[in-house]
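Let me begin by presenting the structure, written as structure tokens, before commenting on it.
The values are calculated or read from the model by the stated rules, or taken from the named source; none is laboratory data. Since we're looking at a predicted model, the values are computed, not measured. For neighbour counting, all protein chains shown are included, and Cβ atoms are generated from backbone atoms with ideal geometry for every residue, glycine included.
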Ligand code: NDP
């Protein structure tokens, strides 16, 4: 049967764009529909603008530290509007590159919402027309999840609550830096924004229901980062359950069970993200979804319908940009390039761009212990060279989790400057299955922080 397209991609983010370009490169007739802006969450309101704001937030440290190195730094002033305008310019440039890449590859572009009408049919909602495709790829990503009782029931909208209660969708485009912010959540977004907003000058309170931020990360990193953020003036309230948010012209009041309420100019709700599958027509087409609305797929990104595939956050596997890109690339090579492969999610490095930042790859100490094998722990905590003259007390933490029987390095964790850069490189070693002896045999590069990973001598007892 003749279709309009070989592949129709719904969603112009990291995963969808990569799949479309690679498929077109293999000679397929491809189209992409995007209802908002090309580039998706990562480029438009995620990783990229976040990292730009993180850079901005670290200049304060540089100005302070410079004095210890003989510099006299004059009066400094931060202009939020100037930063946001520069950020917007860069995001628009990147969006243009995404679009140009698609055009160069000969991919058809629809600036429209697309919904699935059947195994081979997609409806373009605003254009009011249907197209057919041999294969459909769902790459719609996710949207911020806001628990019940935050928006809705629990929010008294005596003021314009929507302007005061933010998600990561709105926080990038505030007209001014809030004087004070309460952040709900203890994951990636909560911690990164707590850190960057505090660095830019906001008074930040982080409200987390658990006992320690960043659940799922190595315990030493969680403790070390908590200490550093607290020392930098962030008020971290753990074990804190939000009972309701009340917004008015005076700001926001956050009720905490069994504790005093928190007042702030704004509240950022960073309580996770939900797969963007609502209204997509999945039921009509027979595409099965899980309890969070995620599209259920196998490791080849195949859904329950033979002609429909899904990659990236909408599948709720490892919700990270490079993972979506690999999944999209693998799918396009498999379907059209006669090169079947799958993205390997066994070892996925990740970073939390707080200040200081976290870089981590492989098993945490607790995860390694839970496998039942014997493990050796190597770790060090030290004041980085630059901090001595700067008069800064903050310490770097580096840790290796090693399989006691095979000597294989199972996990590599760092808290400190450049942790993301360093751990990206050690991820190569872990992917290759490197042993501790091979780390030790690597000649150190001196003087740098990363050399500590190849000079860790003292075995430490594993934690309880
Ligand atoms: P996370 O899943 O990282 O964290 C969600 C946080 O919200 C957790 O602390 C969780 O608590 C808390 N939470 C969830 N539900 C509730 C609730 N009902 N009431 C109170 N607290 C709640 O999500 P984020 O929103 O921070 O980020 C979304 C995703 O985006 C990340 O998982 C990651 O995949 C991606 N991301 C990656 C970044 C990076 O690579 N640097 C940066 C930013 C985002 P608990 O721990 O108790 O479950």
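General remarks:
- Scanning region 292-317 for residues that are in contact with a strand residue (DSSP E or B) (Cβ under 8 Å, 6 or more places away or on another chain), within 16 Å of the ligand (Cβ to nearest atom) and assigned to a loop (DSSP other than H, G, I, E, B) yields a count of 5.
- If you go through region 268-284 and keep only what is away from the ligand (no atom under 13 Å from the Cβ) and over 14 Å from residue 314 (Cβ atoms), you end up with 283, 284.
- Leading residue by the ranking (nearest to the chain's Cα centre (by Cα)) among those in region 23-54 that are away from the ligand (no atom under 14 Å from the Cβ) and in a helix (DSSP H, G or I): 23
- Residue in region 405-412 that is closer than 14 Å to residue 218 by Cα, in contact with a helix residue (DSSP H, G or I) (Cβ under 6 Å, 6 or more places away or on another chain) and within 16 Å of the ligand (Cβ to nearest atom) present: no
- Qualifying residue in region 422-430 (condition: on the phi < 0 side of the Ramachandran plot, surrounded by 15 or more Cβ atoms within 10 Å (Cβ to Cβ) and assigned to a strand (DSSP E or B)): no
- Residue count, region 216-252 (criterion: under 20 Å from the mean Cα position of the chain (by Cα) and closer than 17 Å to residue 269 by Cα): 0
- Total residues in region 439-464, condition in a helix (DSSP H, G or I) and in contact with a helix residue (DSSP H, G or I) (Cβ under 7 Å, 6 or more places away or on another chain): 5
- Residue 326 falls short on exactly one of the conditions (1) at negative phi; (2) away from the ligand (no atom under 16 Å from the Cβ), and that condition is (2).
- Here is the figure for region 195-221: residues that are within 11 Å of the ligand (Cβ to nearest atom) and either under 30 Å from residue 462 (Cβ atoms) or part of a loop (DSSP other than H, G, I, E, B) (or both) total 11.
- Scanning region 55-63 for any residue that is within 24 Å of the chain's Cα centre (by Cα), over 30 Å from residue 385 (Cβ atoms) and in a helix (DSSP H, G or I) turns up nothing.
- The test for being within 12 Å of the ligand (Cβ to nearest atom), touching a strand residue (DSSP E or B) at 6+ places or on another chain (Cβ under 6 Å) and at pLDDT below 95 holds for residue 245.
- Selection from region 173-194 of residues that are more than 12 Å from the ligand (Cβ to nearest atom) and out of contact with any strand residue (DSSP E or B) (no Cβ under 8 Å at 6 or more places or on another chain): 173, 175, 176, 177
- Those residues of region 342-361 which are under 18 Å from residue 430 (Cα atoms) and within 16 Å of the ligand (Cβ to nearest atom), in sequence order: 343, 345, 347, 348, 349, 350, 351, 358, 359, 360, 361
- When 255, 248, 272 are checked against the criterion of being on the phi > 0 side of the Ramachandran plot and touching a residue at least 12 places away in the same chain (Cβ under 8 Å), 272 stands alone in meeting it.
- Test: residue in region 388-402 that is in contact with a helix residue (DSSP H, G or I) (Cβ under 9 Å, 6 or more places away or on another chain) and on the phi > 0 side of the Ramachandran plot: yes
- Only listed residue being within 26 Å of residue 195 (Cβ to Cβ) and surrounded by fewer than 22 Cβ atoms within 10 Å (Cβ to Cβ), chosen from 364, 334, 342: 364
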